[in-house]
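Everything on this sheet refers to the single structure shown next.
The values are calculated or read from the model by the stated rules, or taken from the named source; none is laboratory data. Predicted model only: the values in this text are computed from it and were never measured. Using ideal geometry, Cβ is built from the backbone for each residue, glycine included, and neighbour counts are taken over all protein chains shown. For the accessible areas, the whole protein counts, side chains as well, though only heavy atoms, and no ligand, DNA or RNA atoms are used. Shrake-Rupley method; radii C 1.70, N 1.55, O 1.52, S 1.80 Å.
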Amino acid sequence: MSVATASERSGAGRSPDLPPPATTTGAIGWLRENLFSSPLNTALTLAALYLIYLVVPPVVDWALLSANFQSGTSNKDCVGDGACWTMIRARFGQFIYFRYPVEERWRVDATFLLLFGAIVWLLIERTPGKLHMALFLFVVFPPLAVWLLFGGLGLATVETALWGGLMLTLVLGTVGIVFSLPIGIVLALGRRSDMPAVRLLSMVFIEFVRAVPLITVLFMASVMLPLFLPEGMSFDKLLRAMIGIAFFGAAYMAEVVRGGLQAMGRGQYEAAMALGLNYWKMTALVILPQALRIVIPGIVNTFIGLFKDTSLVLIIGLFDLLNVSLLATRDADWAGLGSEAYAFVALVFFAFCFSMSRYSLYLERKLPSGRRK
Amino acid sequence: MVNQTAPAAGAADEVIIRMEGVHKWYGQFHVLKDINLTVRKGERIVVCGPSGSGKSTLIRCINRLEEHQRGRIFVHEVELTSDLKHIEHIRSEVGMVFQQFNLFPHLTVLENLTLAPIWVRKMPRAEAEKLARQYLERVRIPEQADKYPGQLSGGQQQRVAIARSLCMNPMAMLFDEPTSALDPEMIKEVLDVMIELARSGMTMLVVTHEMGFARTVANRVIFMDQGEIIEEAEPETFFNNPKSDRTKLFLSQILHH
């Protein structure tokens, strides 16, 4: 054994353990190593600092220091060069609920409180009754949400044409996310099936949908589909958009999931089969839990893309958050406030997407699939 | 030179596995040629031979991880056909231990053991866990129940894999080179568990190069080469008095290195 143990090295009388030189540890050491390790690195660091100096102070000044936060009724209530958040304040209800009747907006609040409550409950590790909560979220909640948002059975009906703003974005995003994953998993399994018909159908669907832009899918759903349906039979434009988005997301999700399935070794299948598990039990208990963990980054990436793509529904005349903000910029009372509207929308999207991204990182660290042999 | 099955135990004993004229091809490659083999209850059979001789393929045909193309295979008088119900039934009755362990890395040791009893045998969870802990005790790693496979050594993983098969209370166990992927110092702990298992009367079909194991526990040794069973004899005869030249050559290579 040529490697000396720590106790040998710190043995009395011989070389004691010395602290490393001060210039290699702490803040100074970190700066030297990461920012000024070479002339090129130093130059890049300085250039970056200069860029930050150019960009950050004016933005902070515009968005915060000189900005208008007071309430008001038109752009004349805003003073100075700073941002006029007054507009967001005045139109806040419209940004969130669009034309959803004011006296019924509690229903939207209740729906999303329930949704986020259930999701947070499921995502936090130490909460009891996860199974009941999952059952609630996937079985009880969807019809409950439809009833709360749409009405009927004692509640006033609110036509989907009145839905819009952040609420519509969240409805589309949630529906897209919730349906694209299971449909995507089924398609991915179908594409690897032993049955030629199933394999062919899955492949044709995936390849066709992926080869078409989402805008086209939405156009087809909203303009072309009614042409093929018999006269008098039509279904809701929002519903059609939801179906379009869910299947579009599913095609991408299928390829992500297939990547995970591909990464699984033959040994896992053989071990599961040798124990007598049938195909569905093997898939559900052994293969998918591992395959999905491998592709968490890809799944969340697809979720985020899908969530942002919901803004394309403006092309078929639905008023999602982005479209509502466009509406605001065209309001004569608030002329010239495009930056504020877009900044607000960007911030809202960022908040949602960034949370998803952080949660996915947390999941990757937490799950035991990281502990490979 | 192909021997017919020589019953080592009493002829009246229950037949667990019967292979009749089994052939298998990988594409054009004839990997199993006219395999005839009968395994009776309680027999311990070691299959050896050079790599590529078809020994792994042979035992993998018994639980249909490989499909044979000619001949018939019966497990406990149920014939292996393409009938999925029969295949799944046979797989649940015959345990298999792999070279690469193939534990489920996303499940704890205990969950690895209880998975099949709960989902295939429909055993209540508490009962399955009790059974699993008994078998972990038997393979001498009761303290690892709540760890993940990735946290165990190779030898420990292979013992978990053996316990996982035993939890299904199989009527026979197939071992596909169970010690070939292990570091030398871990081979013994796995062999000890297997020897103990053999002593308890388990029917075992073991593909291995561990000739010491064959001498100690086998009541028959089968030598395969190029897809054929070349020689089949009791270990005493097989090691001291092999009949075929190919067996002699193989033994001289494997025993004097």
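A few points about this structure:
- Radius 14 Å from Cβ of A:ILE185, net charge of other residues (Lys, Arg +1; Asp, Glu -1): +3
- Hydrophobic, long helices, defined as DSSP H runs whose alpha-carbon span along the helix axis is 15 Å or greater and whose mean Kyte-Doolittle value is at least -0.5, occur in chain A at A:39-60, A:105-123, A:165-191, A:196-210, A:237-262, A:296-309, A:338-366.
- Close amide-amide hydrogen proximity is noted between A:CYS84 and A:ASN68, each under 5 Å apart and 5 or more residues distant or on a separate chain (H modeled in the peptide plane; Pro and chain starts excluded).
- Placing +1 on each Lys and Arg Cβ and -1 on each Asp and Glu Cβ, with no other charges, gives chain A a dipole about its Cα centre of roughly 1340 debye.
- Only Lys, Arg, Asp and Glu carry charge here, each on its Cβ (+1 for the first two, -1 for the last two); on that basis region B:98-232 has a dipole of about 660 debye about its Cα centre.
- Cut-off 17 Å, label 7 Å out along Cα→Cβ of B:SER180, residues of region B:198-227 by amide N: B:205-214, B:222-227
- Separation in nanometres of the label points that stand 7 Å from Cα toward Cβ, at A:TYR279 and A:LEU144: 3.6 nm
- For region B:47-205, the equivalent ellipsoid derived from the Cα gyration tensor has semi-axes of 25, 20, 13 Å, listed largest first.
- Pairing chain B with chain A buries about 2200 Å² of accessible area. This figure sums both sides and uses a 1.4 Å probe.
- GluC sites (Glu not before Pro) within region B:48-137: DSSP coil, no more than 10 neighbouring Cβ in 10 Å: B:GLU77
- Here is the list for region A:205-249: chymotrypsin sites (Phe, Trp or Tyr not before Pro) lying in DSSP coil, each with at most 13 other C-beta atoms within 10 angstrom of its C-beta, are A:PHE235.
- Cubic angstrom per residue, convex hull over Cα atoms of region A:158-209: 100 Å³
- Ratio of Rg to Rh for region A:67-169: 1.13 [Cα atoms; Kirkwood radius as inverse mean 1/r over pairs].
- In this calculation the C-beta distance from A:ASP77 to A:TYR342 is compared with R0 = 22 Å, giving a FRET efficiency of 0.60.
- Zone residues, region B:146-189, relative to B:LYS41, backbone N less than 11 Å from point 7 Å out along Cα-to-Cβ: none
- FRET efficiency, B:GLU196 to A:ARG199 (Cβ-Cβ, R0 41 Å, nearest 0.05): 0.30
- In chain A, the calculated helix contribution to ellipticity at 222 nm averages -19000 deg cm²/dmol per residue, counting -39,500 (n - 2.57) for every DSSP H run with n ≥ 4.
- Close amide-amide hydrogen proximity is noted between B:MET123 and B:ILE118, each under 5 Å apart and 5 or more residues distant or on a separate chain (H modeled in the peptide plane; Pro and chain starts excluded).
- FRET efficiency estimate (nearest 0.05) - Cβ-Cβ, A:VAL223 to B:LYS130, R0 56 angstrom: 0.35
- Solution diffusion estimate, µm²/s, Stokes-Einstein, the protein assembly as shown, Kirkwood Rh from C-alpha pairs, 10 °C, viscosity 1.306 mPa s: 52 µm²/s
- Solvent-accessible area per residue, Å², over region A:86-170 with all protein chains present [probe radius 1.4 Å]: 54 Å²
- When you filter the GluC sites (Glu not before Pro) in region A:135-232 for DSSP loop state and at most 13 other Cβ atoms inside 10 Å of their Cβ, you are left with A:GLU159, A:GLU231.
- Placing dummy labels 7 Å off each Cα toward the beta-carbon, the span from B:GLN69 to B:ASP83 is 2.5 nm.
- Straight-line cross-link partners of B:LYS188 among the lysines, defined as a Cα under 24 Å from its Cα and at least 8 positions apart when in the same chain: A:LYS373, B:LYS55, B:LYS147.
- Cα convex hull, region B:129-257: 121 Å³ per residue, rounded to a whole number.
- Threshold 30 Å² - residues in region B:56-103 whose accessible area is reduced by that much or more when the chain is no longer isolated, probe 1.4 Å: B:ARG60, B:LEU65, B:GLU88, B:ARG91, B:PHE98, B:ASN102
- Remark on the protein assembly as shown: A:CYS353, B:CYS48, B:CYS61, B:CYS167 stand apart, with no other cysteine beta carbon under 4.7 Å.
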